[in-house]
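What follows is a set of notes on a single structure, which appears directly below.
None of the figures in this text is laboratory data; all of them are computed from the coordinates on show. Since this is a predicted model, take the numbers as computed values, not measurements. Note that each Cβ is placed from the backbone with ideal geometry, even for glycine, and that neighbours are counted across all protein chains shown.
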Amino acid sequence: MALDTSNPEPVSIIPGDTVKWTRTLADYPPSAGWALSYELLNAQHRYEIAATADGNAHRVVVSAQTTQTYTPGAYEWRARVTNAEEVYTVATGRLTVAPSFGAAADIRSHARRALDAIEAVLEGRATSATAEYEINGRRLKYIPLNELHALRTKYQREVAAEEGKSGPRGVSGRIMVRFGQ
């Protein structure tokens, strides 16, 4: 089922999904010659989306084929209306393009990748590529064992924080108690 909202722009887009929304702008209706367009922008990519007239509203439909080409990441967007030589920005916001499950990409965070590499070295299962993994400007194969343990603890905390857990193994240290009925 396609994402369909009645005014708010999406906060996230999944590549390969159709995205739809309607934007009503009382001061800039299509019947008066106004055209609405969106621009998505980040440091590496820029995408343009044009709306179509739907009565006195602007209808936006981004096809699955189009969203499939979107690169994952955080984007700023702006909505602009034009009529002949007049151009106005009517809204701005942010959205995220999620990683596509169809793409072969490592979507782990830096902390998770570093922790996995450190643990692989500590367990003696490091491949030659992993032994060359760089953390904080230092290569794993050159880091003494006591420093690897310290780095592992540091990255365990970072990963736990990312995953919403307090302890290095996900133990929050809280005991939940409910009194009464």
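I'd like the FRET efficiency for Arg94 and Ser31, computed as 1/(1 + (r/R0)^6) with the beta carbon distance as r and R0 of 25 Å, rounded to 0.05.
0.25
Would you please give the FRET efficiency between Val177 and Leu41, computed as 1/(1 + (r/R0)^6) with r the Cβ-Cβ distance and R0 = 41 Å, to the nearest 0.05?
That gives a FRET efficiency of 0.25.
Can you work out the FRET efficiency for the pair Thr24 and Ala74, with r the C-beta to C-beta distance and R0 = 45 Å, to the nearest 0.05?
0.95
What distance in nm separates the two pseudo spin-label positions at Thr66 and Glu86, each 7 Å out from Cα along the beta-carbon direction?
Output for this residue pair reads 2.5 nm.
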